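For reference, the structure is listed below as structure tokens.
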Amino acid sequence: MSAVSRFVQAHPESLTVESLPDGSTAVLDTRTGTIHALNVPAAAAFAACRVPLTGPELARAMQEAMGQTVTEDLALTAVAELQAAGLLTVSGEALDERSHLTRRALLKAAGVALPTVWALTASQQRAYAQGAGSGTGFIRSVSPNASGCSFDADVEITGENTHFSASSVVVFSKPGGVTHGTISVTNVRVNSPTSLTVRLTFLVGEGGELDVTVTTGSEVAVGHGVFRVESCV
């Protein structure tokens with residue numbers, strides 16, 4: 001019989017954790033200098049795993065922290081994301097990658113907010129450092145990133161100290177000429193004052209990073225290089 005899987009933070013002595021007002025978390029791994037941005041479900045899972053937990057135990061801990069129903073499938077999806085980022089270790093039976101992809105697809109189809117972990121690029125870290133301590137609204141992340149020769153998908157834009165509303169205007173710009181053709185932004189949907197979803201459509205040329213600007217009245221929130229585009233080959 002396989003040993004029961006338990007999940008716990010990896011090398012916690014090397015991690016510097018900052019909890020943000022919207023419930024998300026920034027984690028600096030001092031061994032690599034990487035800053036990881038964790039959305040609310042991922043942050044809840046990471047915080048709970050200060051001690052080793054099984055899947056059901058983690059789901060209960062996340063549910064208590066988030067104040068909403070959390071299934072074991074959602075908890076295990078968070079574990080897989082955090083493990084891939086090097087923030088959690090697994091003892092006992094290893095997680096199956098195929099099962100993880102199936103769980104993630106089913107949760108996404110059901111409209112569940114998925115746990116997500118982003119490793120910030122150097123330009124994203126600069127934007128984070130410039131905005132996080134100033135009280136000025138800025139764009140912290142955009143997910144998912146773009147790949148393939150064309151992109152037509154919903155992306156989530158996460159801000160810090162922002163006040164997104166139905167009047168928000170979203171612009172993706174290309175500092176170095178990243179795409180061919182027009183970048184189309186449609187169907188802007190506000191999830192919260194710090195989160196909105198848009199439909200993004202464009203043809204992919206060279207890879208690189210796009211800047212994102214969200215204007216809400218007099219508030220202009222900018223994220224430099226927060227949307228990564230893989231080259232089309």
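Annotations for the structure displayed:
- For segment 7-20, 3J(HN,Hα) computed residue by residue from phi via the Karplus equation (6.51, -1.76, 1.60; θ = phi - 60°) reads 10, 8, 4, 8, 5, x, 5, 9, 10, 10, 10, 10, 7, 9 Hz, glycine and proline entered as x.
- Whether segment 1-75 is rounded, prolate or oblate, judged on the alpha carbon gyration tensor where a/c under 1.5 counts as rounded: oblate
FYI, it's all coordinate maths here, none of it is from the lab. All values reported here derive from a predicted model rather than from experimental measurement.
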